[in-house]
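Written out below as structure tokens is the structure these notes cover.
The values are calculated or read from the model by the stated rules, or taken from the named source; none is laboratory data. Computed from a prediction, not measured in an experiment: that's the story for all the values here. Here Cβ is always computed from backbone atoms with ideal geometry, including for glycine, and neighbour counts include all displayed protein chains. Calculation scope for accessible area: heavy atoms of the full protein, side chains included, ligands and nucleic acids excluded. Shrake-Rupley method; radii C 1.70, N 1.55, O 1.52, S 1.80 Å.
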Amino acid sequence: YVEEDGGLLVKNVILLAAGTWTDSKAQTPLYYPPDTLRKDAANWVASSYWARHMGGVPRNIVTDRLGDVRNPRYDPNVAGGAIVGDVFYDRLTQTSRDGAALAIAKAKAGTPLAVSAEHGGTETWDPVEKRFVATSLAFYGLASVDKGACSVCGLPKKANESQQNGVREMEQAEFD
């Protein structure tokens, strides 16, 4: 969790991990293999970070947008293989400022926010394993959620979990 360009940058957020996850809308388990995640990690058609998923009332760019996903990449050493990225709260709107404050408070409490990748793509049926398998992915954004289908996807629990490449960890006073 670092201050950057007037906003809050949360580094190394797990966006989608290898495994079988059941989408709350489709209610169909889908296996996300590491190879598909690796191949399509950078295939972000849109990178907005939203306070909620689409559905029902259309999202509002002012009241529902928190910021952006930056630097999405595949990391084979995270959660058995995962797409990770940096989440940026731009703090340009009250919603984004509130979202950043909530992210810091939840991390400080040890209960970080979860995220849910919005994606499309292709899937095939694996008759041997008797499951659907994601064979391609295209990402259309990311939503902040209480609990996502991917049980390991979310912001880091502590500020120092995201420190890398000389990025300064927030001082306790800043974090407070």
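Every condition in (1) in a strand (DSSP E or B); (2) under 13 Å from residue 117 (Cβ atoms) is met by residue 54 except one, and the failing one is (1). Candidates are the residues of segment 22-51 that are in a strand (DSSP E or B) and touching a Pro at 6+ places or on another chain (Cβ under 7 Å); the one that is surrounded by the fewest Cβ atoms within 10 Å (Cβ to Cβ) is 22. Checking each residue of segment 70-87 against the condition of being in a strand (DSSP E or B) and either among the small types (Gly, Ala, Ser) or modelled with pLDDT under 90 (or both) gives at least one match. Residues that are among the polar types (S, T, N, Q), in contact (Cβ under 8 Å) with a residue 24 or more places away in the chain, over 19 Å from residue 103 (Cα atoms) and in a loop (DSSP other than H, G, I, E, B) are absent from segment 57-69 altogether. Can you work out which of the residues in segment 121-139 that are aromatic (Phe, Trp, Tyr) and more than 19 Å from residue 15 (Cβ to Cβ) is most open to solvent (accessible area, probe 1.4 Å)? It comes out as 125.
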